[in-house]
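The values are calculated or read from the model by the stated rules, or taken from the named source; none is laboratory data. Being a predicted model, the structure only gives us computed values, none of them experimental. Cβ: placed from backbone, ideal geometry, glycine included. Neighbour counts: every protein chain shown.
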Amino acid sequence: MSTKFYQNRWFKWVASLIIPLILFFIPETEEFTRDIKLFFCITIFVMEIWAMGLLPILIPSLFLPIAYFITGLAPSGKVFATWGTQLPWLFLSAMILSSILERIGLMKRIACWSILKAGGGYKGIIYGFFGSGILMGLLVPSGAGKVALYATLAYGICKELKISPKSDVSSMIMLGGYFSAIGPLYLTGGGNNIIAFETAAKYGGMKVTWLSYFIQMGIPSIIFTFLLITAMLFIFKKDEPIFEEKNKHKTKEYFVNEYKKLGKFSTEEKKVSFILFLIVIGLLTGNIHNIAPGWIFVMGCCACYFPGIDVGQEMDIKNVKFHMIVFMASAMAIGNVSIATGAGNFAANHLYGLLSGGAFSVTGFVWLFGVLVNFILTPLAAVAGLTSPLLEAGVKAGQNPLPLLYSFLQGIEQILLPYENATVLFLFGYGLITMKNFFKGFGLRMVLNIIFILAICVPYWMALGLYEF
């Protein structure tokens, strides 16, 4: 390693200590207690390590809960309470299921079929991504898994059709795949949602089922994604001859060939499809049997390995990124310990005064808060650390916390630079999106998102009774 590398790394380490040290030397008061101060010092220090990538993600994820415990901030039952919830087991089963679906070709079959049904041209690619994304969100409870599939598929399309990596079209296809993968939201669609609503479940009367979430936020997110990818078709130039109307048959031919390569619908695909069908039924009837979504996915995952089904393989388990599960469980400990120490209530007392306006102003503020936070924290870390004080502040201000949480979750998903999100960095790493087009695509998404939330979601939530007139 060069001297410059080590100098830069040491500079980051020193920078990560500045805020915790400043907080440590602030005098304690009756309100700002020793436990609250220590909680903020430890949490901010670890968050900065995560944000700057100073260590492999597993190491600070192991350090954080242990630091909480040995400093006496909370008993082990509080610190490690996440392991007794559905969260880590949902992620584990989701990653295994994603690996199985990718290996047997079912995810690619759905995507190619959707694109062919949408026409196969450049519009067919974009709307095919969107249509399959709605279905894939139901079947694959892993944002990273869906992004990996769509990014790989979009990259293959651009390479096979010899689309220039500097063109608007290559950017549009890659962005269209990404937005379709993460756009249509379900309660089990990604880690942020599960972490947020596990925290929300600690507050009386705030239980969110899979079906209630779909009604309140899933339907609006599907509409928003459709509007977003439609707008993309207008702002990006069609600067590749392959997408001229006279060449439309060439793109369709590519997808026909890709679909043929998958062969007939295999026995494995039929078995997994049946298991996925049962999972969806289980999710839709959650208000009847009261089984959390995580346990439903765990049972579906295990069923793939049962005798007579035998579609799961050991390699699917080896593909699991276990360090991410530890990271998510560790991030959840932030919320648990913030409640135990009173840090969440301390932050809420300083935040709730900003939530005393009307539905439109409060929603807009919380969304903007999420956007700004995302520049310095990962979305998972932001959700884990800030959900509790946000919910408490909403209750103190007399607001229904659910719409505020929906707005916050939307805000932290808005980015302008690739480094802000690991899955986006993965997408950008293919080299088919210029920085100009990256900014254009995600800038469009950000502007449309706040307009959509204020113009569509707030009135919609009012109609559902989440906001009072």
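Of the residues PHE45, PHE25, which single one is surrounded by fewer than 16 Cβ atoms within 10 Å (Cβ to Cβ), aromatic (Phe, Trp, Tyr) and modelled with pLDDT of 90 or more? Before you say what the answer is, go through the steps one by one.
Values: PHE45 fails: surrounded by fewer than 16 Cβ atoms within 10 Å (Cβ to Cβ).
The conditions single out PHE25.
Scan the stretch 261-298 residue by residue and report those that are among the β-branched types (Val, Ile, Thr), under 20 Å from SER99 (Cβ atoms) and more than 23 Å from the chain's Cα centre (by Cα).
Here is the first cut: in the stretch 261-298, the ones among the β-branched types (Val, Ile, Thr) are 267, 272, 275, 279-281, 285, 288, 291, 296, 298.
Checking which are under 20 Å from SER99 (Cβ atoms) leaves us with 267, 272, 275, 279-280, 296, 298.
Selection gives THR267, VAL272, ILE275.
Can you tell me which residues in the stretch 204-256 are surrounded by fewer than 15 Cβ atoms within 10 Å (Cβ to Cβ), modelled with pLDDT under 75 and not in a helix (DSSP H, G or I)?
GLY204, GLY205, ASP239, GLU244
Take LEU73 and decide whether it is crowded, with 19+ Cβ neighbours inside 10 Å, farther than 21 Å from ILE325 by Cα and in contact (Cβ under 8 Å) with a residue 24 or more places away in the chain. Step through it out loud before you land on a result.
On the way: crowded, with 19+ Cβ neighbours inside 10 Å: yes; farther than 21 Å from ILE325 by Cα: yes; in contact (Cβ under 8 Å) with a residue 24 or more places away in the chain: yes.
Spelling it out, LEU73 is indeed crowded, with 19+ Cβ neighbours inside 10 Å, farther than 21 Å from ILE325 by Cα and in contact (Cβ under 8 Å) with a residue 24 or more places away in the chain.
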